[in-house]
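Written below as structure tokens is the structure these notes are about.
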């Protein structure tokens, strides 16, 4: 394609032609090197050359989260991939089971670059930046790294008490604070309670629905603009909130293709709500092609239409209607984000061998002082994993007692959905 040289899957500011080129390269590579993708083409009676661009994507069937639970996980990885050399991002496990998203170092760097580029859309001023990711999904201590000499990234784990997170945040003097709304909400409450002064230039919420009350609280605590980004661990940043129009999300077309489908997996007309399906354009190590996220939204405008008043030209999404994270309330009145609970449980399960592979888990708060963790696995978890889960749960609040039990099945509720967290307190 003449005029496209030099702008491949890692390029920025892709046009529709660049997107089609990146998509075709992805499909050819995945068909040749990823067993699960090859099977999808065969079952659909297609060859990679049958899809010449985004307009042809609906010819491929949609991949569900369950389709990645293959007997051999390597079927999802590019041939020759050594998982030990990959950068791995773990999904939060909204269905009760985490998915390890594998990337090579270049793909992981580009994914972070896309987030920085999206932040730049809402952030006036020049580098250097200090971006603090508060409430990250790790039990490891806070850490700092520098990127290209102009961006300092600080990770603060959500398993630290919110007061401790607020103290670390103040010490960082952040330019940008980013994280999940429920985690940032608890830190913001701690900041206000301590009458602390933290003045970033921007707060970026991602990974969950941002409720109006939470946006107001964060703006009060940090004294700056609060924006909402649509992100997931399988893709990275999917869309960023328009700097001029609250509630309008511009699709990050450098990194992914977004489709909105009806109940029959058919594209809906612009403006109509439907299920969000995404295709990752840059991850060839573990391709996500027409991957259903389980969220609801609607798509507006395409290339060639009048640009947004902020200058963005391309598709935009309406506010996302997805699964809303909640809290557990402790006996002393404090709240704990269910993402924090998820982090603790998932950390104890990541290194289990195939004989103990976890299919799903469920956390039930029976009373203010009693938590039950139900685990559906190939066989009962080893004693050290059980003890680790119970120990972490009992640290959540005063007087907490946790029991961990093995079950053969965790059924769906009456609505046909799986509830990973249940509070009966």
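Is at least one residue of segment 350-364 over 26 Å from residue 135 (Cβ atoms), more than 27 Å from the chain's Cα centre (by Cα) and part of a strand (DSSP E or B)? Break it down stepwise before answering.
Applying the first criterion (over 26 Å from residue 135 (Cβ atoms)) to segment 350-364 yields 353-357, 359.
Now restrict to residues that are more than 27 Å from the chain's Cα centre (by Cα): 355.
With the extra rule that they be part of a strand (DSSP E or B), the set shrinks to none.
Taking every residue of segment 350-364 in turn, none turns out to be over 26 Å from residue 135 (Cβ atoms), more than 27 Å from the chain's Cα centre (by Cα) and part of a strand (DSSP E or B).
Here is a yes/no grid of residues against (1) at pLDDT 95 or above; (2) not in a strand (DSSP E or B):
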{"site": "98", "(1), (2)": "no, yes"}
{"site": "108", "(1), (2)": "yes, yes"}
{"site": "113", "(1), (2)": "no, yes"}
{"site": "123", "(1), (2)": "no, yes"}
{"site": "134", "(1), (2)": "no, no"}
{"site": "138", "(1), (2)": "no, yes"}
{"site": "160", "(1), (2)": "no, yes"}
{"site": "178", "(1), (2)": "yes, no"}
{"site": "185", "(1), (2)": "no, yes"}
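Among what's in segment 186-197 and is free of Cβ contacts under 8 Å to residues at least 60 places away in the same chain and surrounded by 21 or more Cβ atoms within 10 Å (Cβ to Cβ), pick the residue that is nearest to residue 246 (Cα to Cα).
First, the residues of segment 186-197 that are free of Cβ contacts under 8 Å to residues at least 60 places away in the same chain: 187-197.
Those left that are additionally surrounded by 21 or more Cβ atoms within 10 Å (Cβ to Cβ): 187-188, 191.
Numbers: 187: 23, 188: 21, 191: 25 Å.
The extreme case among them is 188.
With respect to the numbered conditions (1) farther than 18 Å from residue 117 by Cβ; (2) in contact with a strand residue (DSSP E or B) (Cβ under 9 Å, 6 or more places away or on another chain); (3) at pLDDT below 95; (4) surrounded by 20 or more Cβ atoms within 10 Å (Cβ to Cβ), which one is the sole condition not fulfilled by residue 265?
(4)
Being surrounded by fewer than 18 Cβ atoms within 10 Å (Cβ to Cβ) and either touching a strand residue (DSSP E or B) at 6+ places or on another chain (Cβ under 6 Å) or at pLDDT below 85 (or both) is the filter here; which residues of segment 301-333 pass it?
Hits for segment 301-333 are 302, 303, 304, 305, 306, 318, 321, 323, 324, 326, 329.
In contact with a strand residue (DSSP E or B) (Cβ under 9 Å, 6 or more places away or on another chain), more than 19 Å from residue 299 (Cα to Cα) and assigned to a loop (DSSP other than H, G, I, E, B) - does that describe any residue in segment 232-254?
The answer is yes; a qualifying residue exists.
Going by the conditions given, is residue 230 surrounded by fewer than 23 Cβ atoms within 10 Å (Cβ to Cβ) and in contact (Cβ under 8 Å) with a residue 60 or more places away in the chain? Explain how you work it out, then say what you get.
Details: surrounded by fewer than 23 Cβ atoms within 10 Å (Cβ to Cβ): no; in contact (Cβ under 8 Å) with a residue 60 or more places away in the chain: yes.
Taking the combined requirement at face value, the residue does not satisfy it.
Kindly provide the set of residues from segment 35-57 that are within 18 Å of residue 281 (Cβ to Cβ) and part of a loop (DSSP other than H, G, I, E, B), ordered by number.
Matches in segment 35-57: 51, 52, 53.
Based on this model, can you work out whether residue 151 counts as in contact with a strand residue (DSSP E or B) (Cβ under 7 Å, 6 or more places away or on another chain), modelled with pLDDT of 95 or more and either surrounded by 15 or more Cβ atoms within 10 Å (Cβ to Cβ) or under 30 Å from residue 175 (Cβ atoms) (or both)?
On the way: in contact with a strand residue (DSSP E or B) (Cβ under 7 Å, 6 or more places away or on another chain): yes; modelled with pLDDT of 95 or more: no; either surrounded by 15 or more Cβ atoms within 10 Å (Cβ to Cβ) or under 30 Å from residue 175 (Cβ atoms) (or both): yes.
Taking the combined requirement at face value, the residue does not satisfy it.
Quick one: would you say residue 78 is assigned by TED's automatic domain parsing to the domain that holds residue 261, in a loop (DSSP other than H, G, I, E, B) and modelled with pLDDT of 95 or more?
Details: assigned by TED's automatic domain parsing to the domain that holds residue 261: yes; in a loop (DSSP other than H, G, I, E, B): yes; modelled with pLDDT of 95 or more: yes.
Taking the combined requirement at face value, the residue satisfies it.
The values are calculated or read from the model by the stated rules, or taken from the named source; none is laboratory data. In this text, all values refer to a predicted model and were calculated from it rather than measured experimentally. Neighbour counts are summed over all protein chains in view; Cβ atoms, including those assigned to glycine, are modelled from backbone coordinates with ideal geometry.
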